[in-house]
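Peer 1: One structure, as structure tokens, below. Some questions next.
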Amino acid sequence: LMMLATIFGAVGVRYLLDEESSVSDVDYPWTEPEGRSTGRRIAASLPDARTVATVAAVVIVLSLSLATIFPSPFVYLSGSHVPEGEMDGYERAFASQSSGSPVWFSGVRHTSDRYEIALYGAAGAPWDRQVKPAVKKSAPVPEQAMLDGLPTFYANHPEEVVRRDHYFVVAEADRQREVEAYRELRYSAESFEAVAAQPNVGKVRDNGELTVYFVDIEEDPSANAVDDRERIA
């Protein structure tokens, strides 16, 4: 839109200047035939070759400049690269879990499964998984849950098995993407700040690229029963 506005603006200014020049130079009807005077005004209002060439050059230059927009910071293009600190944070969080029950992870927009697979292999791999017991994951947490309180969100979750303590993970890349690139479309800066200030939510790990919060809720007997059945199986 800005490119089109620039082009039409330049052409409009040129026409106005030509119109003023033609009006000052034109003879009045009593000194020159009316048909000739009108023809001169029409001819004077048309752009000359230099104007046409200038507009064409501007269009070409602006069109070529569009090629630099997409790889630039003006357009967000997500990549598959994961910072080393983010991987290290997940690996340490996996390794520090209690041996009695599985760790439950949740986060913003995505879960922990991609990191677990990257570190220890897929579930169907021929080698043994190094995370014992296996990591569990919940669905991504909505913004309103981050604002209202994560302990309340998990304690009142519709699925009984999810009503337990959680590790809530926030990557710095997540925060920048949601707040700066997406301009708080789904998650506001306030929601990220609210998590750290909530009661029963403590920061257990922060390496600058990954922050891990422990969400402590009242134990649910039904959730523990699911753990017992999984251990027996």
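Peer 1: Here are some conditions: (1) modelled with pLDDT under 90; (2) part of a loop (DSSP other than H, G, I, E, B); (3) surrounded by fewer than 18 Cβ atoms within 10 Å (Cβ to Cβ); (4) of a type in the set (A, V, I, L, M). Ile217 meets all but one. Which one does it not meet?
Peer 2: For Ile217, the exception is condition (3).
Peer 1: From the list Tyr154, Tyr167, which one is at pLDDT below 95, out of contact with any Phe, Trp or Tyr (no Cβ under 7 Å at 6 or more places or on another chain) and among the hydroxyl-bearing types (Ser, Thr, Tyr)?
Peer 2: Residue meeting the stated conditions: Tyr154.
Peer 1: Also, quick follow-up: Mind counting the residues in the stretch 120-143 that are buried (at least 16 other Cβ atoms within 10 Å of the Cβ) and at pLDDT 70 or above?
Peer 2: So the count comes out to 7.
The values are calculated or read from the model by the stated rules, or taken from the named source; none is laboratory data. Source: prediction; values computed, not measured. Please note: Cβ atoms are built from the backbone with ideal geometry, for glycine as well, and neighbour counts cover all protein chains shown.
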